[in-house]
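One structure below.
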Amino acid sequence: MAHTAKSADKPCARAVHRSTLVTRTVADPNGKDGPMEQSALWAQLERVLDPELDESIVRLGFVRRLEQDGSSVRVVLRLPTYWCSPNFVYLMADGVRRVLTELPGIESVRVELEEHFASEEISSGVTSGRSFRELFPTEAQEELDELRYRFLVKGYASRLLVLVQALRSAGASDDELVESSLGQLEHTGDLAWLVLDDRRRGPVRGRIVERYLVRRAELGLPMLPESPLLLLADGQPIARERLTEELRRLRATVVNLRASTALCEALLHSRQQWWQSERKEVWR
Amino acid sequence: MITIDGQEVFVIDGHMHFWDGSPQNWRNQWGEAWIKCFYDYHLALSPKEAVWPFEKFMKYSVDDLVRDLFLEGHVDMGIFNSTYLREFFTNGFNTHEQNYALVQQYPDRFILCGSFDPRWGEAGFDTFRRMVEQYPIRGLKLYTAEWYNGSRGWKLSDPMAYRYLELCRELGIKNIHVHKGPTVYPLSKDAFDVHDIDYAATDFPDLNFIVEHVGLPRLDDFCWIAKQEKNVYAGLAVASAFIATRPRYFAEIMANLLYWVGEDKILFGSDYAIWTPKWIVEAFARFELPEDLKQEYGVDLTPQAKRKILGENAARLYGIDIAAQKAKLAQDPIGQQLGAQAA
């Protein structure tokens with residue numbers, strides 16, 4: 001739902017927003033699902049990202065319905081356009097299936113797409129656990145791991161830049177940033193600091209640090225306390241004299257992510273109208 | 001007509017259409033879905049006063065187009081980015097044949113783009129030659145996401161695409177607009193990348209490649225390529241529509257383009273009729289990059305840069321002498337009407 005996606009820009013709205021989203025969009029026709037289980041399902045779904053936007057499909061408002069019946073779960077996704085690229089759609093739909101079946105007691109997950117040109121193929125394919133290449137044998141030339149990796153890297157770029165910007169505006173100098181190591185990050189509750197010999201820089205929002213560390217680990221980059229605080233996606237540290245140039249490159253990636261996210265949110269919002277008006281099926 | 005710093009600006013809308021998305025033309029459900037998706041774009045970024053009803057959006061008239069571009073939209077010339085989509089629309093969406101009707105009526109106002117599709121194979125060479133002979137084709141619009149006989153996309157680096165690019169050389173077609181943008185289909189073929197442009201641009205240094213929609217949502221990949229290749233240009237359609245409702249994103253996109261690509265290689269486009277040029281051109285003429293972006297990137301959207309982007313760059317690519325062209329345009333029916341309005 002677009003209104004929830006829009007509020008994702010405002011950090012203070014997040015905590016409230018998550019709980020309202022659950023109560024507003026969970027369809028619970030049998031009334032037998034406890035709120036704990038529902039929130040566990042939603043918490044899992046939070047982990048599924050739009051690979052291109054590096055943002056949770058829940059925050060983006062793509063999850064239209066979530067229904068549980070015993071050990072089966074049905075999830076309906078609504079995407080910003082009818083023409084979303086199937087490879088990205090597949091990654092998200094398959095992600096939904098994977099994270100939900102990780103939960104104890106959940107045995108089958110049906111993922112449906114509302115109004116997408118490849119709804120049928122992707123819905124039935126993902127539900128039965130078939131690979132993307134099996135679904136689109138003549139068109140898909142590779143499996144999606146490479147694609148997934150490429151966007152994990154872009155997301156990492158964005159998270160790294162956000163971290164640098166936050167620490168800079170909390171007073172850290174460029175020298176301090178390139179010379180610090182991971183062990184100097186101090187993380188308590190919702191806040192984090194960069195600890196230097198005689199003082200600390202911060203606080204910055206804990207989530208910024210968390211997002212950076214999670215993705216850094218996903219990419220298999222060094223996570224030791226003595227590892228440099230800032231690493232490029234290829235594992236190289238950033239030299240002081242390269243910092244400005246590297247940040248500029250990261251910046252282009254981030255602008256792109258933000259512009260795309262803004263566009264997707266606006267498109268999703270516009271799409272609501274077709275569900276509100278009666279559909280004419282003239283070609284039949 | 002619009003002025004920047006008191007100076008009249010020649011505006012070429014580098015990306016516009018005259019389409020038929022009406023139900024009578026839908027071949028199947030894809031046609032309906034296509035035009036609805038376009039309408040979502042229209043609603044998503046248009047300011048309220050520029051929103052059309054869906055009925056009109058599906059099929060608008062010649063009069064609408066003339067008014068929206070030339071009489072009210074500050075545009076002097078438009079580049080027809082012909083789009084075929086014959087698998088979705090019975091008569092095509094906006095083919096060069098359809099667009100030609102307008103070109104005939106106002107020959108000095110339009111640059112007509114044709115197209116090729118490498119999946120036509122060698123059998124398509126003759127069709128392509130005939131198109132260039134029979135119509136005043138001055139550029140091409142390529143749509144790598146087009147569906148064709150069960151295939152759902154192609155790449156500019158495909159060997160058969162190269163054969164057609166060689167034919168372009170032979171026939172003297174220099175400007176190749178390539179859609180690299182949001183939402184459209186192809187599967188793993190090129191849904192996520194603009195790198196095929198890189199190959200073609202390197203191997204055909206005498207052709208110009210205008211990347212429509214600046215590769216959004218692949219802006220960063222596009223920037224790296226355009227920085228390296230002298231003959232790769234940025235087409236602003238879609239990006240320009242952020243200017244009203246998302247000015248900060250627009251500013252960031254522009255700062256990146258100015259930094260990586262440069263003010264000589266950016267072409268304005270409205271993507272009419274997804275958006276009408278009036279509000280975009282007006283906002284662009286007064287747009288200022290925020291101070292922090294100017295500092296960070298060391299670039300500025302100066303009046304000179306704006307003039308280049310709005311028209312001079314496209315005029316250079318298409319060999320248009322702006323002073324001579326203005327004199328000609330003042331005499332055509334639209335020019336006369338504008339003259340009468342001003343008097």
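The values are calculated or read from the model by the stated rules, or taken from the named source; none is laboratory data. Computed from a predicted structure; not experimentally measured. Reconstructed Cβ throughout: ideal geometry from the backbone, glycine too, with neighbour counts over all protein chains shown. These accessible areas exclude ligands, DNA and RNA; they are computed on the full protein's heavy atoms, side chains included. Shrake-Rupley method; radii C 1.70, N 1.55, O 1.52, S 1.80 Å.
Please work out the average accessible area per residue across the protein assembly as shown, using the 1.4 Å probe convention, and give it in Å². If you can, show how the numbers build up before the last one.
Details: 24770 Å² over 627 residues.
Dividing the accessible area of the protein assembly as shown by its residue count gives 40 Å².
Rounded if a/c is under 1.5, else prolate if a/b is larger than b/c, else oblate: which is the stretch B:193-343, with a ≥ b ≥ c the root eigenvalues of its Cα gyration tensor?
oblate
Take the Cβ-Cβ distance between A:Arg65 and A:Ser131 as r, set R0 to 25 Å, and report the resulting FRET efficiency rounded to the nearest 0.05.
On the way: r = 26 Å, r/R0 = 1.02.
Taking R0 as 25 Å, the efficiency between A:Arg65 and A:Ser131 is 0.45.
Quick one: of B:Lys36/B:Lys265; B:Lys180/B:Lys265; B:Lys141/B:Lys328; B:Lys141/B:Lys265; B:Lys36/B:Lys56; B:Lys59/B:Lys278, which pairs are farther than 24 Å apart, Cα to Cα?
Violating the 24 Å Cα-Cα cut-off are B:Lys36/B:Lys265; B:Lys141/B:Lys328.
Can you give me the distance in nm between label points at A:Leu224 and B:Ala340, each placed 7 Å from the Cα along the Cα-to-Cβ direction?
It is 8.2 nm.
List the relative contact order of the stretch B:3-335 as a percent without decimals, with contacts defined as Cα pairs under 8 Å and 6+ residues apart.
On the way: 585 pairs, mean separation 70.3, N = 333.
In percent, rounded to a whole number, it is 21.
Leaving out same-chain residues fewer than 8 places away, which aspartates and glutamates sit with a Cα under 18 Å from that of B:Lys326?
Counting by Cα, and skipping residues close in sequence, B:Lys326 has these aspartates and glutamates nearby: B:Glu8, B:Asp13, B:Glu72, B:Asp76, B:Asp108, B:Glu312.
How large, in percent, is the carbon and sulfur part of the accessible surface of the protein assembly as shown at a probe radius of 1.4 Å?
Ligands and nucleic acids excluded, carbon and sulfur reach 50 percent.
Would you kindly find the accessible area of B:Arg307, with a 1.4 Å probe and non-protein molecules such as ligands, DNA and RNA excluded, rounding to the nearest 10 Å²?
Here the accessible area works out near 40 Å².
Which one, B:Ala323, B:Ala145, B:Ala101, has the greatest fluctuation when you compute a Gaussian network model over chain B with C-alpha springs under 10 angstrom?
Of B:Ala323, B:Ala145, B:Ala101, the Gaussian network model singles out B:Ala323 as fluctuating most.
Accessible area drop of at least 20 Å² (1.4 Å probe, protein heavy atoms): which residues of the stretch B:142-177 qualify, relative to the chain alone?
The answer is B:Arg152 - residues whose exposure falls by at least 20 Å² when every protein chain is included.
In whole Å, largest first, what are the principal axis extents of the Cα atoms in the stretch B:3-335?
Projected onto the principal axes, the Cα atoms of the stretch B:3-335 cover 53, 42, 39 Å.
Given the protein assembly as shown, what percent of its DSSP beta bridges are antiparallel, to the nearest 5?
45
Quickly work out the A:Ser124-to-B:Asp63 label distance, labels modelled 7 Å from Cα along the C-beta direction, and quote it in nm with one decimal.
Once both label points are built, they end up 5.0 nm from each other.
Using alpha carbon centroids, what distance separates the stretch A:160-184 and the stretch B:33-74, in Å?
47
Do any GluC sites (Glu not before Pro) in the stretch B:77-141 lie in a loop, going by DSSP, with at most 10 other beta-carbon atoms within 10 Å of their beta carbon, and if so which?
Of the GluC sites (Glu not before Pro), the ones in loops of the stretch B:77-141 whose Cβ has at most 10 other Cβ atoms within 10 Å are B:Glu122.
Tell me which residues come under 5 Å, amide H to amide H, from B:Gly269 once H is placed; ignore anything under 5 positions away on its chain.
B:Gly14, B:Leu236, B:Ala237
Run the 1.4 Å probe and let me know the accessible area of B:Met1, rounded to the nearest 10 Å².
120
Using a Gaussian network model of chain B with C-alpha springs under 10 Å, which one of B:Leu301, B:Leu142, B:Leu167 is most mobile by mean-square fluctuation?
The residue with the greatest mean-square fluctuation here is B:Leu167.
Can you compute the FRET efficiency between A:Thr101 and A:Arg150 using 1/(1 + (r/R0)^6), with r the Cβ-Cβ distance and R0 = 22 Å? Round to the nearest 0.05.
That gives a FRET efficiency of 0.30.
In nm, give the distance between the simple-model label positions of B:Ser157 and A:Trp275, each being 7 Å from the Cα along the Cα-to-Cβ direction.
Label at B:Ser157, label at A:Trp275, 3.9 nm between them.
With a 1.4 Å probe on protein heavy atoms only, work out how much accessible surface B and A bury together, total over both chains, in Å² to the nearest 100.
4600
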